[in-house]
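What follows is a set of notes on a single structure, which appears directly below.
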Amino acid sequence: MRHAGFTWHDGALLAQGLGVSLGLFAGTFLIGLILGSGAAVVRHFRVPALGTLLHTGLELLRNSPVLVQLFLVFFGVPALIHQPLTPVFAAGLTLSANTAAFVYFIAVAGLDAVGRDQVEAARAFGLSRIQLVRHILGPQALTFAVAPLVGLAVNQLQVTSLVSVIGVVDLTKAGDILNLRTLRPFAVWAMVGVLYFAAAKTLTLLGNRWERRLRAHAAPLGL
Amino acid sequence: MIAVEGVVKRFGAHTVLGGVSLTVAPGEVVTILGSSGSGKSTLIRCINGLETLDGGRVTVDGLDVADPRQLAQARRLSATVFQLFNLYPHMTVLRNITLAPELVLRRPKNEVEAQARALLASVGLAGKADSYPGQLSGGQRQRVGICRALAMNPRYLLLDEVTSALDPEMTAEVLAILARLATQGTTMLFVTHEVEFARRISTRIVFLDQGRLIVDLPTDQFFAADGGLAHPRIRQFLSKMAPSSTVAGAPVSEILA
Ligand SMILES: Nc1ncnc2c1ncn2[C@@H]1O[C@H](COP(=O)(O)OP(=O)(O)OP(=O)(O)O)[C@@H](O)[C@H]1O
Ligand SMILES: [Mg+2]
């Protein structure tokens, strides 16, 4: 059997796959950021039942494989609700929740690192809890959290490749399709790898720039 | 008026305040003296709502600080200066001062900034508005702490050992500012170990001993042989404090001149 050559169509397939991977990453990372830091704030203010519930749930998510979570959502949930889920929906749900779990623990550490004394000052001056988070806790926690968050982002970008196993046509799935058609695995997977690398490297560079800016601003604080 | 009525505060089995009553009327400068661990900071923290009470009542102009909504109102009336400054390290000096007036009192930004700059100038920090707390000396930080409190236009100023983290020279800087505030009629509740200074600026002195207020007297009576000095605990306290009651070897009166 003759190997099929690469065509312009293959480039389009890879580009589309890359778009899906990046979109899935960006969307789920954003949702994870919001949910995870929200949960961390709830824990910080010791909201009784809710805090414990969230903590336990997120602890479970952090300490189990993403692939298992993905299967649980994609195969397990439909069996329970007698309603199929689309692969993209299942992937989005799983990755958002998984990201939230990691963000939560980073955000908790960041919030805990903010000095108690200034928080008391802000309270004594009458700031509400929301104002406290927005003006005192948030900005400083972010300075502590930015480095681990950038690391997490790079990792979560790679983790999106798992969604190919439930049929989402992301970059990895596109590579898989291409590989089956061309039967040139080395060239295909090298190309896919380079694309992931380029995306991750860009993310790291952007993250580092953001971190440097935050740190430059925070330099006089000795944070 | 700040009214503290029979306040009880416990940490676990340890009763830190065992039924303390105290009032501070407008125009008064009331100093709380007492040895370390007697509950002075805790009392201040019960007034600004940083501690919850285990008994008794604290009201600020009739607002009960145990009630969250009344506490929010009460916190607009009093402002605290902290021992360790407790500035917001990620904000400029100016922002440290304007934050609460803008967010809590909802006063216009330009008006608050103008006031903040005027306050900074009045404590000799006109050039430091855009610095960060970490770039200032301790004395400068505490002067910012005082400006931050004054920018709230508080009826009551609560000061908890605001000079005890400062060296003598910086202490003198800060005490001079407080003396000026006292002569301007600012109402203050003042915790300090600077006995000589307290004697100069206070209208009343109260003595806290192991969570109980054992004496509450006008200043001159507190230092009278048949007044506060009649109490052995107070005599003992004052004799221990005497050497540190002057700043850098000079009587406070000279520093303030
Ligand atoms: N959060 C807390 N938990 C447990 N015990 C506390 C707490 N805060 C204060 N205490 C205890 O309460 C007592 C009174 O403390 P407080 O800080 O009010 O004393 P103070 O008179 O201000 O002393 P100092 O002159 O040293 O500042 C001390 O024995 C202290 O150990
Ligand atoms: Mg104290």
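Tell me the mean residue ellipticity at 222 nm calculated for chain A from its helices only (DSSP H runs of n ≥ 4, each -39500 (n - 2.57), averaged over every residue, nearest 500). Spell out each step's value before the answer.
Details: 9 runs with 167 residues, N = 223.
One gets -25500 deg cm²/dmol as the mean residue ellipticity at 222 nm.
Using Cα-Cα distances under 8 Å and only pairs 6 or more residues apart, what relative contact order does segment B:87-154 have, in percent? Please list the in-between numbers first.
Numbers: 72 pairs, mean separation 31.6, N = 68.
For segment B:87-154, the relative contact order is 46 percent.
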request  = Report the local net charge at B:Thr163: Lys and Arg +1, Asp and Glu -1, summed over other residues whose C-beta lies under 10 Å from its C-beta.
outcome  = -4
message = Let's test this: bin the Cα-Cα distances of segment B:87-154 at 10 Å from zero up to the farthest pair and state each bin's percent.
response = 25, 60, 15, 0
note = chain A, Gaussian network, Cα under 10 Å: of A:Gln131, A:Gln140, A:Gln156, the residue fluctuating most is A:Gln131
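Given Cβ point charges of +1 (Lys, Arg) and -1 (Asp, Glu) and nothing else, what value in debye, to the nearest 20, does the dipole of chain A about its Cα centre take? The partial results should precede the final answer.
On the way: 16 positive and 8 negative charges, 64 e Å.
The dipole of chain A has a size of about 300 debye.
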ask   = By the gyration tensor of its Cα atoms, with a ≥ b ≥ c the square roots of the eigenvalues, what is the shape of segment A:10-94: rounded for a/c under 1.5, prolate for a/b over b/c, or oblate?
value = oblate
key: Antiparallel DSSP beta bridges within the protein assembly as shown, as percent of all bridges there, nearest 5   = 55 percent
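With n ≥ 4 as the cut-off for DSSP H runs, can you work out [θ] at 222 nm for chain B, using -39500 (n - 2.57) per run divided by the number of residues, rounded to the nearest 500? Mind showing how you got there, number by number?
Values: 10 runs with 95 residues, N = 257.
After summing the helix terms and dividing by residue count, I get -10500 deg cm²/dmol.
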request  = Give the shape of chain B as rounded, prolate or oblate, defined through the alpha-carbon gyration tensor: a ≥ b ≥ c are the square roots of its eigenvalues, a/c under 1.5 means rounded, and otherwise the shape is prolate if a/b is larger than b/c and oblate if not.
outcome  = oblate
ask   = So what is the relative contact order of chain B, in percent, for Cα pairs below 8 Å that sit 6 or more residues apart?
value = 24 percent
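Give me the percent of the accessible area of chain B that comes from carbon and sulfur atoms, probe 1.4 Å, all protein chains in place. Could you put the intermediate results ahead of the total?
Values: 5170 of 10290 Å².
That fraction is 50 percent.
Given a Förster distance of 41 angstrom, what is the FRET efficiency for A:Asn63 paired with A:Ala187, based on the Cβ-Cβ distance and rounded to 0.05? Can you show the working numbers first?
Details: r = 38 Å, r/R0 = 0.92.
Working from the Cβ atoms, E equals 0.60.
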ask   = For segment A:8-221, what is the largest minus smallest coordinate of the Cα atoms on each principal axis, given in angstrom and ordered from greatest to least?
value = 68, 46, 22
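Assuming R0 = 25 Å, can you tell me the calculated FRET efficiency for the pair B:Asp130 and A:Arg215, based on Cβ-Cβ distance, to the nearest 0.05? Walk me through the intermediate numbers first.
Numbers: r = 19 Å, r/R0 = 0.75.
After rounding to 0.05, the efficiency reads 0.85.
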key: Dimensions (Å) - the protein assembly as shown, Cα atoms, principal axes, largest first   = 114, 49, 39
request  = May I ask you to list the lysines whose Cα is less than 17 Å away from that of B:Lys9, ignoring any residue fewer than eight positions away on the same chain?
outcome  = B:Lys40
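Could you work out the local net charge near B:Leu71, counting Lys and Arg as +1, Asp and Glu as -1, over the other residues with Cβ closer than 11 Å to its Cβ? Could the numbers behind the result be given before it?
Working: positive: A:Arg123, B:Arg69, B:Arg75, B:Arg76; negative: B:Asp64, B:Asp67.
It works out to a net charge of +2.
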ask   = So what is the relative contact order of chain A, in percent, for Cα pairs below 8 Å that sit 6 or more residues apart?
value = 30 percent
ask   = Going toward the positive end of the dipole of the protein assembly as shown, with +1 on Lys and Arg Cβ and -1 on Asp and Glu Cβ, which of A:Gly19, A:Gly38, B:Asn96 do you reach last?
value = A:Gly19
message = Restricting everything to alpha-carbon atoms, can you work out Rg to Rh for segment B:1-98 with a Kirkwood hydrodynamic radius?
response = 0.99
ask   = Taking chain B as a Gaussian network, where each spring joins two C-alpha atoms under 10 Å apart, which residue of B:Arg180, B:Arg204, B:Arg57 fluctuates the most?
value = B:Arg180
query = Picking from A:Val108, A:Val133, A:Val47, which is most flexible by a Gaussian network model of chain A using Cα springs under 10 Å?
reply = A:Val47
remark   = With Rg from the Cα atoms and Rh as the Kirkwood inverse mean 1/r over Cα pairs, segment B:54-104 has an Rg/Rh of 1.07
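The values are calculated or read from the model by the stated rules, or taken from the named source; none is laboratory data. Given the structure is predicted, the values throughout are model-derived calculations rather than measurements. Cβ sites come from the backbone with ideal geometry, for glycine too, and all protein chains shown count toward neighbours. What goes into the accessible areas is simple: the full protein's heavy atoms, side chains included, and nothing from ligands, DNA or RNA. Shrake-Rupley method; radii C 1.70, N 1.55, O 1.52, S 1.80 Å.
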